[in-house]
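The block underneath contains the structure these notes are about, expressed in structure tokens.
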Amino acid sequence: MTTSRRLLLTGGAGLAAAIALAACGGSSSDEPAVAEDATFADGSTMKKLADAGKITIGTKFDQPLFGQAGPDGTPAGFDVEIGTLIAAALGIEKKSIEWVETVSANREPFIENGKVDLVVATYTINDTRKEVVDFAGPYYVAGQALMVTKDNEDITGEDTLEGKKVASVEGSTPAQYMTDNHPEAELSTFDTYSNCVTALTNGQVDAVTTDNVILAGFVAANKEELKLVGDGATFTEEPYGIGLKKGDDDFRTFVNDTLQAAYDDGSWAKAWEETAGAVLPTPDPPEIDRY
């Protein structure tokens, strides 16, 4: 194992542990209050899940701050807390959530084939995806940025990518942006962002591109080797939504209502501060798009 790889693993594990501790708050009393008297229409997805007392949620397992698996295999981060808020509104405790690792390329198939009930996985809402799945939210708006090694002075922005090797994840909007807007760069795609970072630290690529909040987590885990280009300057808008089965309008309305309630009562901000807030300031929640 190279020194770079060892540092990445150690730093990532440390940050994941810190996130997990913050999210738990050392006590189950800090978890969202579970609805005890919620009633749902017969035949609705909400009633099915509430009656079962469990829900399956797809999320990332390798993204510090948003969804990263801890030593026990349970993910922690902002996306995990958002999923927990939705489960609580259904009357489902956090311990009854089944978390399924969901990478960028399999989010739509997992929703379509019923492997998961929801996907909360740094999932950018766009028109192409809305052809096959529906979205609630957005619950956060990120932006695409670049990350390089600490000693890289050649890449200063997206206008300096000509001839450079850039990594992103297969099936992601950042990868598609590179294909559409920067054919002069050499794009390499991987299945996970952690593998992109490994390619960067071992010299296989010159930069990694994805959303600024994802990259910030990796930099926080390995500040001695990695940095954000232009202090994390972004060049796109990436509205994160909650993916669910297409045509389930009642469930989408319920999730949107749950998000709005979390905005209003401060639980959304609390979830941020206990996870991504370890590195990033608390933003204003975005306006929900009830399309």
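FYI, it's all coordinate maths here, none of it is from the lab. What you see is a predicted model, and the numbers here were worked out from it, not measured in a lab. Here the Cβ is made from the backbone with ideal geometry for all residues, glycine too, and neighbour counts use every protein chain on show.
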Next item on the list: Would you please name the trypsin sites (Lys or Arg not before Pro) within the stretch 216-291 that are DSSP coil residues with at most 13 other C-beta atoms within 10 Å of their C-beta?
Entry: 223, 290
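Show me 257-266, 192-201 ranked by packing, highest mean number of other Cβ atoms within 10 Å first.
192-201, 257-266
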Notebook entry, point to check: In debye to the nearest 20, how big a dipole does the stretch 53-167 give about its Cα centre with +1 on each Lys and Arg Cβ and -1 on each Asp and Glu Cβ?
Noted result: 380
Next item on the list: Write down the percent of antiparallel bridges among all DSSP beta bridges whose residues are both part of the chain, to the nearest 5.
Entry: 60
Notebook entry, point to check: For the chain, how big is the tail of P(r) above 28 Å, as a whole percent of Cα pairs?
Noted result: 35
Notebook entry, point to check: Against the longest alpha carbon principal axis of the chain, how many degrees, from 0 to 90 and to the nearest 10, is the axis of helix 249-265 turned?
Noted result: 80
Check: Any idea what the dipole of the stretch 144-232 comes to, in debye rounded to 20, about its Cα centre with Lys/Arg Cβ at +1 and Asp/Glu Cβ at -1?
Finding: 280
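Computed from the mean reciprocal separation of all distinct C-alpha pairs, what Kirkwood hydrodynamic radius does the stretch 152-291 have, in Å? Working shown, then result.
Numbers: mean 1/r = 0.0584 Å⁻¹.
Across the stretch 152-291, the inverse of the average 1/r is 17.1 Å.
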Check: Taking +1 at the Cβ of each Lys and Arg and -1 at the Cβ of each Asp and Glu, which of 258, 285, 193 sits farthest along the dipole of the stretch 192-291 towards its positive end, judged by Cα position relative to the Cα centre?
Finding: 193
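Which trypsin sites (Lys or Arg not before Pro) does the stretch 116-175 hold that lie in a coil by DSSP with at most 13 other beta carbons within 10 Å? Provide the component values of the computation, followed by the final result.
Details: sites: 129, 130, 150, 164, 165; in loops: 150, 164.
Here the trypsin sites (Lys or Arg not before Pro) that fit, given the DSSP loop and packing criteria, are 150.
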Notebook entry, point to check: Using the Karplus equation 6.51 cos²θ - 1.76 cosθ + 1.60 (θ = phi - 60°), what ³J(HN,Hα) coupling, rounded to whole Hz, does each residue of the stretch 172-178 give in order, writing x for Gly and Pro?
Noted result: 8, 5, x, 5, 5, 4, 4
Checklist line | Debye, to nearest 20: dipole size of the chain, +1 on Lys, Arg Cβ, -1 on Asp, Glu Cβ | finding: 760
Next item on the list: Could you list which residues have their amide H under 5 Å from that of residue 58, counting only those 5 or more apart in sequence or on another chain, with H placed in the peptide plane?
Entry: 100, 117, 118, 119, 120
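Mean shadow of the stretch 144-232, computed from the convex hull of its alpha carbons, in nm²? Don't skip to the answer; put the middle values down first.
Numbers: hull surface 19.3 nm².
The orientation-averaged projected area of the Cα hull of the stretch 144-232 comes to 4.8 nm².
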Checklist line | Loop-located GluC sites (Glu not before Pro) in the stretch 189-278, at most 16 other Cβ atoms within 10 Å (DSSP) | finding: 224, 237
Next item on the list: Arrange 229, 255 by Cβ neighbour counts within 10 Å, fewest through most, would you?
Entry: 229, 255
